[in-house]
Amino acid sequence: MAGIVAVVLLAEAFGIGALNWFLGVIVERQRMSLAGLDPDVMSASSKVGGLVFGLYFALCALVALLVAVRDRAPAGFGRVLLISVAVVHGLLGAFTLSLVGWQAFVFMVVMLGLLVLLLVTYDRDGGPAGDASGGAPGAGGDPRVEDEPAAGPAREAGASHGGAGEPQDGDEEPQDSVPAQVTQPVPTTP
């Protein structure tokens, strides 16, 4: 799944870069001006914006590809990049619904869903999230749960490590750090 996200993000990078470059060329050749702005500045800013946005999507595609190759959750800067590109797809989806149409909106929502799925599919320890039901050691289950030693007859009989009369963890009664104070309710009617 992460490989599919990487391929689509790379295609989006080329598409956005090419679209902005094309718009910059059109503005330059037509000598268009918007509210008195210099057409050369508009053309250059469109081309630079396309390159920056395309490189951003390409970097996000690289992070998704690394997730697919390593089969581990993204961490640090890569995770921030994938979260930010998911937010960008959500915003672009809202804009494309009103400006372009349903097909573009559906594409953006599907990409948003794939990105969120990519972010939540992997657990923090590495690898795809396993079955949380437990089971035999090494056969899946929650990787954060470690096997506990079996309770032997010495444990059940109450034997301790240090001596017979010393308290162990959990043997002491709980103590509050602040003593309980009881206050009487104040009547609200005169």
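Under 5 Å between amide hydrogens, built in the peptide plane, is the criterion, and for Ala73 it picks out Gly126, Gly127 among residues at least 5 positions away or on other chains.
Shown in residue order for the range 13-30 are the 3J(HN,Hα) couplings computed by the Karplus curve 6.51 cos²θ - 1.76 cosθ + 1.60 at θ = phi - 60°: 4, 5, x, 5, x, 5, 5, 5, 5, 4, 5, x, 5, 4, 4, 5, 6, 8 Hz (x for Gly and Pro).
Measuring nothing but how far apart in sequence close Cα pairs (under 8 Å, 6+ apart) lie, relative to its length, the range 67-119 scores a relative contact order of 40 percent.
Every read-out reported here was derived from the displayed coordinates using simple, explicitly stated rules and does not represent laboratory data. The model shown is predicted, which means the values in this text are computed figures rather than measured ones.
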